[in-house]
Amino acid sequence: MIENNDFAPENTIISSKNVDVFYGDKQALFDINLNVAENSVTALIGPSGCGKSTLLRCFNRMNDVIPICRVDGSITLGGQDIHAPNVDVVSLRQKVGMVFQKPNPFPKSIYDNIAYGPRIHGMTASKAELDEIVEESLKRAGLWNEVMDRLDKPGTGLSGGQQQRLCIARAIAVKPKVILMDEPCSALDPIATATVEELIDELRERFTIIIVTHSMQQAARVSMHTAFFHLGNLVEHGATSDIFTAPKDERTQNYITGRIG
Amino acid sequence: MQQCNLQTINITRNAVGRKTREMLVIALLLACSLVAVLTTAGIITSLAFEAFRFFQEVSLFDFLFGLEWSPQTALRSDQVGSSGSFGAIPLITGTLLISAIAMAVATPLGLLSAIYLAEYASNPARAIIKPLLELLAGIPTVVYGFFAALVIAPMLRNTGETFGFVISSESALAAGLTMGVMIIPLVSSLSDDVINAVPQTLRDASYGLGATQAETIKQVIFPAAIPGIAGSLLLATSRAIGETMIVVMAAGLAANLTANPFEAVTTVTVQIATLLTGDQEFDSAKTLSAFALGLLLFIITLCLNVVSLKIVDRYKEQYD
């Protein structure tokens, strides 16, 4: 299995070495070695319960809030160990943003949703600067034209697809390096999904995106690299085209042809 | 085409017993729920009737806006100087003063302990603290009452003396403080529910953006929970207004119209309790005034409850 794990892109930004994750006594991930290329889209695929979301949540230490969760091994962001004692989880999460499965805008105005991150991190000195970040983030998320005249309206009043793009705008407002997306389209209809996928394609120029998805078509459409997980193991990782056309492992073959999963 | 024998499919009602039993069960359940409804209706009717008799002797205007309360009535018609006055304002202000003190104690303590329990406490800590806090709600109010009268009130009076204040031994402060402690579990347990009802996805969103726990609580969880918290505070207020035992024992009988918490005041509930304890004639304005007070109290707390339940319900819908 090791030969499948040592796929090393040239410009690695996030790297996990020998990562084991436990929930209480139950081990969810086994010895994960994964290198994620900068400014690319990496898809994590695999059947339910294979640990792909768990791994995603390791990258910004969202698992910290689950008391029974334990992460062993090392994860580095740009060469720095994210579990090092001098690492501030607050700064880590600013650099590694997250978009969740279900759109989760705050029950605040559209403006305040975007401004939330920059405000808590003290990123702006003036209202004008903040306005600029809000506009830029919304534009980058392809939402500006739809909401520019109702920034003071609640974010929860938008449609599902718009809400998810609002959440993406909110994540990019704090200027992260990496954006983790945990099945960002699973609650959206096909048209909204297509819009978000286009957006992901544009975002990869500036950000590194790691996306967990249940849809193999989605992985094939949006990602450049794909990692296939099965029962807590990283089975295969490589260029998306290779994974889908010439998988090396039988399990990958079975999954992408619909025989397991 | 083959036809099946229709005679073999029996869908007629065979046993009468099952149907009858079903009806009996429904009747029993309905009767039980009617008991509560009818009792409420009975209470309101009796209150309204006696209050109506009272308002035949004392005008509604004098009752609602009168500034003096001394419910003495003549025993004999030729008695002099003992026509009572039935202005409810001093009682209402007394009630509000004590309730306000109680809420001033219970709101911060209850709310902050709810935030601690819901967001910070580890599971073992929560398992110990929550039942202990709720134990406060299980203490009989009469116990709170003598605690207020025998411990808190003398303590306040002595402290006051040290600093040169005059605090009467039956002060609004003593009653209000004790009542506040009594209400803490009500506020904390309702607010705890409300805070827990804020979806985890909102916490995730905030933590995912790099917010600390305190920032998340202050800027996301608390604003999202405010309507529910407001509802629970109103419910607690209504409980404070209706509370009787503590004020009977600690607040006194003198109907002073004052906003000074160091003085003795009396409340609507205390007056009702005093007017109706012991042997009373039920045709004098003095006794009947208790019903008018009861009706007034009932209307106030009913309004508060309706408003607060509405707020809490609307809040719940928002996240379902």
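The values are calculated or read from the model by the stated rules, or taken from the named source; none is laboratory data. Worth saying up front: this structure is predicted, and the values here are computed from it rather than measured. All Cβ positions, even for glycine, are placed from backbone atoms using ideal geometry, and neighbour counts span all protein chains on display. To get the accessible areas, we keep the full protein, side chains included, count just its heavy atoms, and leave off ligands, DNA and RNA. Shrake-Rupley method; radii C 1.70, N 1.55, O 1.52, S 1.80 Å.
Miscellaneous remarks
- Close pairs from segment B:124-137: first under 14 Å from B:Asp193 (Cβ atoms) and of a type in the set (D, E, K, R), partner part of a helix (DSSP H, G or I) and open to solvent by less than 70 Å² (accessible area, probe 1.4 Å), Cβ under 7 Å, at least 6 apart: B:Arg126/B:Leu117; B:Lys130/B:Leu117; B:Glu134/B:Pro185; B:Glu134/B:Ser189
- Being touching a strand residue (DSSP E or B) at 6+ places or on another chain (Cβ under 7 Å), assigned to a helix (DSSP H, G or I) and in the same structural domain as B:Thr93 (by TED's automatic domain parsing) holds for only one residue in B:Ser289, B:Ser308, B:Ser232, B:Ser238, and it is B:Ser289.
- Any hit, segment A:17-33, residues being open to solvent by 40 Å² or more (accessible area, probe 1.4 Å), assigned to a loop (DSSP other than H, G, I, E, B) and within 19 Å of A:Lys177 (Cβ to Cβ): no
- Check on A:Ala128, facing chain B (nearest Cβ under 9 Å) and either within 19 Å of A:Glu202 (Cβ to Cβ) or assigned to a helix (DSSP H, G or I) (or both): no
- Segments classed as helices (runs of 4 or more DSSP H), wholly inside segment A:145-261, with at least 3 members that are over 13 Å from the mean Cα position of the chain (by Cα) and more than 21 Å from A:Ile114 (Cβ to Cβ): A:190-203, A:216-222, A:240-245, A:250-256
- Flag for A:Asn39 being open to solvent by 20 Å² or more (accessible area, probe 1.4 Å), more than 23 Å from B:Tyr207 (Cα to Cα), touching a Pro at 6+ places or on another chain (Cβ under 7 Å) and of a type in the set (S, T, N, Q): no
- For segment B:120-139, filtered to residues that are in contact with a helix residue (DSSP H, G or I) (Cβ under 8 Å, 6 or more places away or on another chain) and not in a helix (DSSP H, G or I), the residue that is most open to solvent (accessible area, probe 1.4 Å) is B:Ile139.
- B:Leu117 touching a strand residue (DSSP E or B) at 6+ places or on another chain (Cβ under 8 Å), aliphatic (A, V, I, L, M) and open to solvent by less than 30 Å² (accessible area, probe 1.4 Å): no
- When restricted to residues that are open to solvent by 40 Å² or more (accessible area, probe 1.4 Å), within 9 Å of chain B (Cβ to nearest Cβ) and either in contact with a Cys (Cβ under 6 Å, 6 or more places away or on another chain) or in contact (Cβ under 8 Å) with a residue 12 or more places away in the chain (or both), segment A:69-106 contains 3.
- Residue, nearest to the other protein chains (Cβ to nearest Cβ), within segment B:235-261, restricted to residues that are touching a Leu at 6+ places or on another chain (Cβ under 7 Å), open to solvent by 50 Å² or more (accessible area, probe 1.4 Å) and hydrophobic (A, V, I, L, M, F, W, C): B:Ala259
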